[in-house]
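Trainee: Sharing a structure with you now.
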Amino acid sequence: MDWLMKRANTFAVRPLSDDGEQLLRDLLDASAALWNEVNYQRLMRYNDEVGFEGDVWDADTGQLEGRYKGVLGASTAQQVIRKNSEAWRGFFGLKQQYHDESNTSVTEHPEPPGFRGNEDDGRRLKTVIRNTSYTVEWGDRSRLEILVGSELKDRYDHTGRLCLEIAGNPNWPDYEKQGRLDLWYDETDSTFRASQPVTITDARETPLADETAALDIGANNLVACTTTTGEQYLYEGRALFQRFRETTREIARLQSKLREGRYSSERIRRLYRKRTRRRDHAQEALCRDLIVQLHEEGVDTVYIGGLTDVLETHWSVETNAKTHNFWSFKKFTERLVCTVEEYGISVEVRSEAWTSQECPQCGSTDRTTRHQDTLTCPCGFEGHADLTASMTFLERQTNNAVRRMAPPVRFQWDDHDWSESPRSHRPNEQRTDLSTVHRDGNVASGES
Ligand SMILES: [Zn+2]
């Protein structure tokens, strides 16, 4: 079966010289300036300001395109304008949903498209390049070449396309075709970055065996996983949550200092973006890391449960709101399902039949207590709550008892990768006694 899927390669790029860097900055800055001019023309019309005729779509973008095509090249000038049009269409779509009472998916009044940067901080360097106006070459020395306008070439005495060196390897080196490239300067780590949308054909792998895995998705522990091969994985969320909370506090602090009548600033918006980007990066890496391991274990079916524990009693209302916002569970589940399917693994989400507090030893659900990560029962059971939950979930779905083969592997986020935490392996631990098979010692950590 031929199967087309949309993916994106995201990578850092480096200009080859100081002149090249300055040229690139000028290109991104002019793109942001064009965006701002188009947006201004449209916003004024949206607000019915005096002197601006017609509605949003009556703005004279052709005249702006003419002014910018010398610097940007005609195709890039067109793409920037088109992208702004898309942003406005998206805004009108959301606004319609917001005013539609039968639709509950949009609860806040949407804002019209914003400007790229402001007077205080300067413009946000960003552009968009048509699929035929750039080339990417993957290999030992991967390169990106982009079209630039004739005025910029003259300014820097440059000929041909601007060549940029690509750092790292793509997730999707083989693709049918490429889409419109996003190219921007990331102020958070002073790096130029690009995102290349690609269409790939059936890259799906086939499962190696017919094992099953069950995942418990939660807040403190983002994913607890048990497989029928007896492996357990735990992805810890505390370090990420900590960073999220620090950024949130910083946003609140900046908000409290805003002049009266102002609701946001470029610095605040930048922090929001940074917070979201960090989370998306961690989510994507988690999905991939986990699925690669499950694939190697020969898993062909994954059950996803949990989610309800996010709303359970051990979380205060305030914490709930924060963590909900923090990990964006719906989005994470969608991403996970998408990644699982890429590997030809089938996936079922079963959040309704969920009992995360069930004692695996005596089956009681109302006598158990959970304190931080530890689930205890008067019958003598004590174990890691989320790992236990994923194991009980797995046993229920497969109607088979699971025997754990090794201590759980724990992963922590270090801003780039999920790496095994030092607490992961305890080699002296013997698990031959069946009555302690589920036990996981005192693993609760200091989060309160
Ligand atoms: Zn019990």
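Trainee: Can you tell me what the convex hull of the Cα atoms of the range 151-269 projects to on average, as an area in nm²?
Mentor: That works out to 14.4 nm².
Trainee: For the chain, build the convex hull from the C-alpha positions and give me its volume per residue in Å³.
Mentor: Working: hull volume 87.0 nm³, N = 448.
Given the Cα convex hull of the chain, per-residue volume reads 194 Å³.
Trainee: Express the carbon and sulfur contribution to the solvent-accessible surface of the range 339-408 as a percent, rounded to the nearest whole number, probe 1.4 angstrom. Can you show the working numbers first?
Mentor: Numbers: 1360 of 3080 Å².
Answer for the range 339-408 is 44 percent, counting heavy atoms of protein chains only.
Trainee: Let me check something: with ligands and nucleic acids excluded, how do C379, C287 order by accessible area (1.4 Å probe), largest to smallest?
Mentor: C379, C287
Trainee: Which of A32, A389, A285 moves the most in a Gaussian network model of the chain with Cα springs under 10 Å?
Mentor: A285
Trainee: Out of the total accessible area of the range 36-118 (probe 1.4 Å, heavy atoms of protein only), what percent is carbon and sulfur?
Mentor: Details: 2160 of 4720 Å².
Answer for the range 36-118: carbon and sulfur cover 46 percent of the accessible area.
Trainee: Give me the percent relative contact order of the range 1-120, please, defined on Cα pairs under 8 angstrom at least 6 residues apart.
Mentor: Working: 89 pairs, mean separation 27.0, N = 120.
Reported relative contact order: 23 percent.
Trainee: Mind listing the lone cysteines of the chain, meaning no other Cys beta-carbon sits under 4.7 Å from theirs?
Mentor: Those would be C163, C225, C287, C338, since no other cysteine Cβ in the chain comes under 4.7 Å of theirs.
Trainee: Also, quick follow-up: Taking the Cα centroid of the range 44-116 and of the range 386-421, what is the distance between the two, rounded to the nearest whole Å?
Mentor: 47
Trainee: Over the range 195-269, what is the mean sequence separation of C-alpha contacts under 8 Å (at least six apart), divided by residue count, expressed as relative contact order in percent?
Mentor: 16
Trainee: How much length would be gained if the chain were fully extended between E151 and H109, taking 0.36 nm per residue of separation minus their Cα-Cα distance, in nm to one decimal? Spell out each step's value before the answer.
Mentor: Values: separation 42, 0.36 × 42 = 15.12 nm, distance 4.16 nm.
Length gained between E151 and H109: 11.0 nm.
Trainee: Let me ask something additional. Can you compute the helix-only [θ] at 222 nm over the chain? Use -39500 (n - 2.57) per DSSP H run of at least 4 residues, normalise by all residues, nearest 500 deg cm²/dmol. Let's see the in-between values first.
Mentor: Values: 9 runs with 163 residues, N = 448.
Only helices count here, giving -12500 deg cm²/dmol.
Trainee: When all protein chains stay in place, what accessible area (Å², nearest 10, 1.4 Å probe) is found for T201?
Mentor: Counting only protein heavy atoms, T201 exposes about 50 Å² to solvent.
Trainee: Using a Gaussian network for the chain with springs between C-alpha atoms less than 10 Å apart, which of these wobbles most: N399, N36, N220?
Mentor: Looking only at N399, N36, N220, the biggest GNM fluctuation is shown by N399.
Trainee: May I pose another question? How much of the calculated P(r) for the range 99-214 lies past 18 Å, in percent of all Cα pairs?
Mentor: Values: 4666 of 6670 pairs.
Counting every Cα pair in the range 99-214, those more than 18 Å apart make up 70 percent.
Trainee: A252 to E49: FRET efficiency via 1/(1 + (r/R0)^6), r the Cβ-Cβ distance, R0 30 Å, to the nearest 0.05?
Mentor: Working: r = 33 Å, r/R0 = 1.11.
The value I calculate is 0.35.
Trainee: How much accessible area per residue does the range 1-131 have, in Å², with a 1.4 Å probe?
Mentor: On the way: 7330 Å² over 131 residues.
Solvent-accessible surface per residue comes out at 56 Å².
Trainee: Let me ask you something else. Counting each pair of different Cα atoms once, what's the Kirkwood radius of the range 1-104 in Å, rounded to one decimal? Kindly include the intermediate steps, with their values, before the conclusion.
Mentor: Numbers: mean 1/r = 0.0605 Å⁻¹.
It is 16.5 Å.
Trainee: Another question, then. Could you bin all the Cα-Cα distances of the range 44-130 into 5 Å bins starting at 0 and give me the percent of pairs in each, rounded to whole numbers?
Mentor: Per 5 Å bin, starting at 0, the Cα pair percentages come out as 3, 12, 15, 19, 21, 16, 8, 4, 1, 0.
Trainee: Here's something else I'd like to know. Just round it to a whole percent: the fraction of Cα-Cα distances in the range 343-418 exceeding 21 Å.
Mentor: Taking all Cα-Cα pairs of the range 343-418, the fraction more than 21 Å apart is 40 percent.
Trainee: Give me the angle, in degrees from 0 to 90, between the Cα long axis of helix 238-256 and the longest principal axis of the Cα atoms of the chain, rounded to the nearest 10.
Mentor: 40
Trainee: Also: Let me know the whole percent of all Cα-Cα pairs from the range 218-288 that are separated by more than 13 Å.
Mentor: Details: 1781 of 2485 pairs.
Everything past 13 Å amounts to 72 percent.
Trainee: Once you keep just the Cα pairs under 8 angstrom separated by 6 or more residues, what percentage relative contact order results for the chain?
Mentor: The normalised contact order for the chain reaches 16 percent.
Trainee: How far is it, in nm, from the label point at D415 to the one at T10 when both lie 7 Å from their Cα along the line to the Cβ?
Mentor: Label at D415, label at T10, 1.7 nm between them.
Trainee: Still on this structure, please answer the following. With axes computed from alpha carbons, what is the tilt in degrees of helix 61-72 against the longest principal axis of the chain, rounded to the nearest 10 within 0 to 90?
Mentor: 80
Trainee: How would T276, T374 rank on accessible area, largest to smallest, probe 1.4 Å? Walk me through the numbers before you get to the answer.
Mentor: Details: T276 55, T374 15 Å².
The ranking, largest first, comes out as T276, T374.
The values are calculated or read from the model by the stated rules, or taken from the named source; none is laboratory data. Note that the coordinates shown come from a computational prediction; the quantities given were computed from them, not determined experimentally. Here Cβ is always computed from backbone atoms with ideal geometry, including for glycine, and neighbour counts include all displayed protein chains. When the accessible area is computed, the model is the full protein with side chains, heavy atoms only, and any ligands, DNA or RNA have been set aside. Shrake-Rupley method; radii C 1.70, N 1.55, O 1.52, S 1.80 Å.
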